[in-house]
Every structure is written in C-alpha cells, then in structure tokens.
Amino acid sequence: MDKKIILASQSPRRVALLKQMGIDCLVMPADIDEQVQANESPADYVLRLAKQKALAVLKKLDGQYGNLPILAADTTVALGAEIFGKPESDRDAANMLKKLSGSTHQVHTAIAVAFDGQLESVLNTTLVQMMPLTDDMISAYIATGEHVDKAGSYAIQGLAGNWIARIEGSYTGVMGLPVHETAMLLDRITKK
C-alpha cells in the first residue's frame, strides 16, 4: 500500500490518527447533505454518510490522483435509536450532554474507502459509559468551546475524557477513526 491517501474530511483528529499509523494524507473534505433519513438507524446513518463522502470526493477528483485510495469516515453518538450529531448551539450541546449524563451510549464510526473502482466500508461501534454530570459541569465544559463540531457534544480525547468511566470497544473509534479497522480496510482494498 502506498502510505499516502486522500482523506475526505478536514478533521484534525483523523489526520493525526492517520499520521500515527504512518499514513500521509491529502485533505479534501466532502460536502454532502448529512440529514438523517426517516427511520434510519444510527449505524445505517454513519455507513451511508461515509460512503457518500468517499464517492463525492471521487466524483470531484474526476480521475485525478487515481492511484490513491480515498478514505472517508463519519461518527455519531447514539442513545438507543436517538442520534446525537454535532451541536447546533451551546444550548443544543447542553441538552445532549444532559441526555448522555449517566448513560451507557454508543459511538458509531463508519469508514469507507474508494479505490480502483471499488467501494468498501466497515462499522465500528463502541459502548461508552459516562458518569452523571451536574449542570455546573456541563456549563463549565461548554465554556471551554471543546464541544463545538463534536458528535454528541464531547471529545473523549479532551476534558470530557474525565467523565468517561468505561469504554467497551475502540478508543480511536470514539475519536473518529478506528485505527485497527482503518488499517485492515486499507490493506484489504489496496491488495485486491
């Protein structure tokens, strides 16, 4: 595998995780409609978005960089069937955190790779147990701005990591790019 890919995301966390894996990337974010479809499960939602992002960048490139895989990812937080995307406001973030407080919720991260006429995807789901939060804790966290642009309004790799009592699954999946699954998918698709 070439140790260079196109990343259909502008997430600095994903860039850093790829670098940790020894992979350089060209950052080319995809612009797609991220609205949840009627009766769409959280897992189906992130899988659909990851695939659409990879295909959107593939279409935009129109044959350029054809020797490089295009990697796309999408992460969402879910409490049962309820999807918690990125907060639209501080109030929205506070409401999400109140619902997640004291819960064991799911973080779904889907990755999709488009390469050599193929599109493959994989889903990683991690269970995250969050301690009960007070209104003061939530307000202080929101004041840091760390919640902005984060699915579920928190970043496990930041201050909110103090609230996470336990995870069952992939820490890097909760960050937005499950390293093991990403490595296996890139290896598999580039060796076909």
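The values are calculated or read from the model by the stated rules, or taken from the named source; none is laboratory data. In this text, all values refer to a predicted model and were calculated from it rather than measured experimentally. As a convention, Cβ positions derive from the backbone with ideal geometry for all residues, glycine included, and neighbour counts pool all protein chains shown.
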Exercise. Is it the case that I164 is among the hydrophobic types (A, V, I, L, M, F, W, C), without any contact (Cβ under 8 Å) to a residue 60 or more places away in the chain and out of contact with any Cys (no Cβ under 7 Å at 6 or more places or on another chain)?
Worked result: yes
Exercise. Which residue pairs have Cβ atoms closer than 7 Å, lie 6 or more positions apart in sequence or on different chains, and pair a first residue in the stretch 90-101 that is under 14 Å from G145 (Cα atoms) with a second residue that is assigned to a helix (DSSP H, G or I)?
Worked result: D90/I142; A93/I142; A93/S153; A94/I138; A94/I142; L97/I138; L97/S153
Problem set entry | Tally of residues being touching a residue at least 60 places away in the same chain (Cβ under 8 Å) and either of a type outside the set (A, V, I, L, M) or under 22 Å from Y154 (Cβ atoms) (or both) across the stretch 1-17 | 7
For this session: Being assigned to a helix (DSSP H, G or I) and charged (D, E, K, R) is the filter; apply it to the stretch 40-85 and report the residue that is farthest from V148 (Cα to Cα).
Result: K59
Exercise. So which residues in the stretch 144-167 are assigned to a loop (DSSP other than H, G, I, E, B) and hydrophobic (A, V, I, L, M, F, W, C)?
Worked result: V148, A155, I156
Exercise. So is H108 within 20 Å of the chain's Cα centre (by Cα), in a loop (DSSP other than H, G, I, E, B), in contact (Cβ under 8 Å) with a residue 40 or more places away in the chain and crowded, with 22+ Cβ neighbours inside 10 Å or not?
Worked result: no
Exercise. Any idea which of K3, K51 is crowded, with 19+ Cβ neighbours inside 10 Å and touching a strand residue (DSSP E or B) at 6+ places or on another chain (Cβ under 9 Å)?
Worked result: K51
Exercise. I189: in contact with a helix residue (DSSP H, G or I) (Cβ under 7 Å, 6 or more places away or on another chain) and either within 17 Å of R14 (Cβ to Cβ) or of a type outside the set (D, E) (or both), yes or no?
Worked result: no
For this session: Evaluate the stretch 94-114: report whether one residue or more is basic (K, R) and under 15 Å from R14 (Cβ atoms).
Result: no
For this session: Only residues in the stretch 18-37 that are closer than 20 Å to A151 by Cβ count as the first member; pair them with residues that are in a loop (DSSP other than H, G, I, E, B), Cβ under 7 angstrom, at least 6 apart or cross-chain, and list the lot.
Result: V27/Q10; P29/A8; P29/S9; P29/Q10; A30/A8
For this session: Check whether at least one residue in the stretch 134-152 is of a type in the set (S, T, N, Q), surrounded by 20 or more Cβ atoms within 10 Å (Cβ to Cβ) and at pLDDT 95 or above, and report yes or no.
Result: no
